[in-house]
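For reference, the structure is listed below as structure tokens.
The values are calculated or read from the model by the stated rules, or taken from the named source; none is laboratory data. A quick note: this is a predicted structure, and the numbers were derived from the prediction, not measured. Every residue, glycine among them, receives a Cβ derived from its backbone with ideal geometry; neighbour counts consider all protein chains shown.
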Amino acid sequence: MSSAATAVASPSSVETGFFDSAIGKKVVMAITGCFLFVFVIGHMIGNLQIYQGAEKINAYAHMLKSIPALLWGMRIALLVSVILHLTMAIQLTLLKRKARPVAYVKKQSIASSYASRTMIWSGPILGAFIVYHLLHFTTGQAHPEFSETDVYRNVIVGFRNVPAAGFYIVAMLMLGMHLFHGVWSMFQSLGINHPRYTPWFKLFAAVASYGLMAGNISIPVSVMLGILN
């Protein structure tokens with residue numbers, strides 16, 4: 001066999017090399033992050049129907065449960081995306097540490113935001129929050145008076161618990177910061193990057209992430225203030 005023939009990599013080896021590279025991991029993070037971003041926006045829009053009353057939000061929940069293929073398909077896609085997203089984030093962090101095993105004498109963070117510097121911590125914490133959220137409002141193990149049919153009541157009772165409401169608020173603050181950095185850096189990872197458009201990407205990331213944060217936080221705050229009861 002000639003040296004030229006041996007130099008040709010098989011498709012499987014090329015794919016393996018791509019996903020083992022930092023660029024490949026960033027692309028996976030960007031794709032899964034995009035799906036998760038769209039999901040949480042849709043999830044918030046659905047949840048905000050609670051302001052239209054118990055009948056509206058309960059009907060919405062019943063509609064979702066009446067299509068089990070869609071509901072479980074989204075749940076499985078969400079779980080796979082979260083696992084891939086966290087795995088790629090951890091592997092990228094390990095690659096960076098391996099590339100520079102000796103820490104900087106004086107670390108400079110001029111070009112990075114607080115959100116970008118805490119991405120590795122906010123990701124796993126948000127992952128733990130998702131587990132708690134499912135136990136609280138989906139399966140009911142963490143809810144004191146869980147009902148399969150009365151979602152409105154579940155939310156009211158759940159957020160009257162101040163520690164639980166506080167945990168949700170803190171998690172949403174972290175989600176807002178995480179998304180702000182993640183959304184605009186997603187465009188860079190996918191190669192959509194230009195000095196003319198980057199400021200617009202950052203503006204979109206800020207509006208979307210902090211709008212999402214405000215919308216989600218408004219629900220536990222409204223319950224604690226008695227606006228929703």
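Computed values, structure above
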quantity: Residue match in the range 100-118 (condition: outside any loop (DSSP other than H, G, I, E, B), modelled with pLDDT under 90 and touching a Phe, Trp or Tyr at 6+ places or on another chain (Cβ under 6 Å)); calculated: yes
quantity: Residue match in the range 134-147 (condition: under 28 Å from K26 (Cα atoms) and at pLDDT below 90); calculated: yes
quantity: Test: residue in the range 11-23 that is assigned to a helix (DSSP H, G or I), at pLDDT 85 or above and either of a type in the set (D, E) or more than 25 Å from the chain's Cα centre (by Cα) (or both); calculated: no
